[in-house]
Amino acid sequence: MKSLADRFELSCRYERVSYTHHEVVSSLKKLDRSEDKDWKLSNETDTEKIQALLKKAEKEKLSVRELRNIVQEHKTNQNREIALANE
């Protein structure tokens, strides 16, 4: 729990969604271009995307399962973008 709490400053937490909702989005990373010009996932957390998804979950009253599906779809799209960009 502490590691997740460290990733979300108090001002970035959404009170109307559960801890599990926050946990589901916490693994999202930004796309990055490495020194050799290949695209990859960076080690940097994608705070903007996380905030947007938490806001969506709150507004639309998404279940954890629904949010998990959205996150998985986002990650799949990122991997597809990386593969296409690095061809």
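Every read-out reported here was derived from the displayed coordinates using simple, explicitly stated rules and does not represent laboratory data. The structure displayed is predicted, hence computed values, not measured ones. Cβ coordinates were reconstructed from backbone atoms using ideal geometry, including for glycine residues, and neighbour counts include every protein chain displayed.
Cβ-Cβ distance below 9 Å, separation of 6 or more or different chains: which pairs start in the stretch 61-87 with a residue that is free of Cβ contacts under 8 Å to residues at least 60 places away in the same chain and farther than 13 Å from SER27 by Cβ and end on one that is of a type in the set (Asp, Glu) and surrounded by 13 or more Cβ atoms within 10 Å (Cβ to Cβ)?
Once the first residue is free of Cβ contacts under 8 Å to residues at least 60 places away in the same chain and farther than 13 Å from SER27 by Cβ and sits in the stretch 61-87, its partners that are of a type in the set (Asp, Glu) and surrounded by 13 or more Cβ atoms within 10 Å (Cβ to Cβ) give VAL64/GLU23.
Looking at LEU28, LEU54, LEU62, which is the one that is of a type outside the set (Val, Ile, Thr) and in contact with a strand residue (DSSP E or B) (Cβ under 9 Å, 6 or more places away or on another chain)?
On inspection, the qualifying residue turns out to be LEU28.
Of everything in the stretch 40-57, what is in contact (Cβ under 8 Å) with a residue 40 or more places away in the chain and within 19 Å of GLU73 (Cβ to Cβ)? Give them in sequence order. Quick ask: steps written out before the conclusion?
Our first condition is that a residue be in contact (Cβ under 8 Å) with a residue 40 or more places away in the chain; within the stretch 40-57, this holds for 40-41, 54-55, 57.
Listed by number, the residues that qualify are LEU41, LEU54, LYS55, ALA57.
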